[in-house]
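Written below as structure tokens is the structure these notes are about.
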Amino acid sequence: MVEVQCLLCNGYQQPVHLVGQRFGALMIVIALIVPYIGGMVEVVLSIAAITAGPLLAPPIWALFSKYLTGRASLWITLITLLINLLFKLVFPYTLSFKLNRAEEMMTGVGLPLLLLLGYELYRRVAGKVADDYLQYTQNLLKLKQQKAALNSAELYAIRRQNYFGLRVITFSLFFTSAMLAGLSFITANGRGLTATVAGAIFISALIPWLAARRMKRSIGTQTPGN
């Protein structure tokens, strides 16, 4: 029994070591090229400009739209990431065309929003509601029916979990806002735009913070099993 367990441990540890070695090699390569890119601040701002819009805009848009599909969100993310990478890594060396920090931020955020808006208008005119939204409404109806069958102790546990999730989201947004605000004082280029993005994230963090406060009050008035 002990030998079997040891064989399983060795078989499990082998791919873990490979992943760790490859990840460590990647980190070393990134650390070596940081000085040539312009420093750590430049790297952080470039990554934020390239990835923030494509990665965050589609899921946030999907929260308020019943026409955006999951496949469309994925394609918009991939297309805008590719275009941003071309502007950052290819065009400056092949076409001698380079965007400044403000233009990178505007392209990184504006391009996904334009594609999302165009797709939203197309689906609205065609009257095509996303299958994902229809599935969501069906699941929501099932959840309401299940919630009606839950007892008070289970409802209390669910609210506690939701409250913890809101606190985690709030902390993440506040931390990101504080980090960007600190970078706006350090960087020499795009200081105003970075501070503006930090302020926007700070304002958006107030939404889950207020929701967590309301949920905390509702939890305080309810005790388990009552």
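The values are calculated or read from the model by the stated rules, or taken from the named source; none is laboratory data. Note that this is a predicted model, so its numbers are computed, not measured. Here Cβ is always computed from backbone atoms with ideal geometry, including for glycine, and neighbour counts include all displayed protein chains.
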**Request:** Say whether the condition of being free of Cβ contacts under 8 Å to residues at least 40 places away in the same chain, surrounded by 11 or more Cβ atoms within 10 Å (Cβ to Cβ) and in contact with a Phe, Trp or Tyr (Cβ under 8 Å, 6 or more places away or on another chain) is met by at least one residue in segment 138-161.
**Result:** no
**Fill in**
Expected single match for buried (at least 18 other Cβ atoms within 10 Å of the Cβ) and among the aromatic types (Phe, Trp, Tyr) among Phe97, Phe87 is Phe87
**Message:** Which pairs turn up if I take residues in segment 174-193 that are without any contact (Cβ under 8 Å) to a residue 40 or more places away in the chain and within 15 Å of Arg101 (Cβ to Cβ) and look for partners that are in a helix (DSSP H, G or I) and among the hydroxyl-bearing types (Ser, Thr, Tyr) with beta carbon separation below 9 Å, at least 6 apart in sequence or on another chain?
**Reply:** Ser184/Thr194; Ser184/Thr196; Arg191/Ser184; Gly192/Ser184
**Every residue from segment 119-177 that is outside the structural domain of Leu74 (by TED's automatic domain parsing), at pLDDT 85 or above and among the hydroxyl-bearing types (Ser, Thr, Tyr)** = Tyr163, Thr170, Ser172, Thr176, Ser177
**Prompt:** Between a first residue in segment 111-134 that is under 16 Å from Ile60 (Cα atoms) and a second residue that is among the hydroxyl-bearing types (Ser, Thr, Tyr) and at pLDDT below 95, which pairs have beta carbons less than 7 Å apart while being 6 or more apart in sequence or on different chains?
**Reply:** Leu111/Thr80; Pro112/Thr80; Leu115/Thr80; Glu120/Ser65; Glu120/Tyr67; Ala130/Tyr67; Ala130/Thr69; Asp132/Thr69
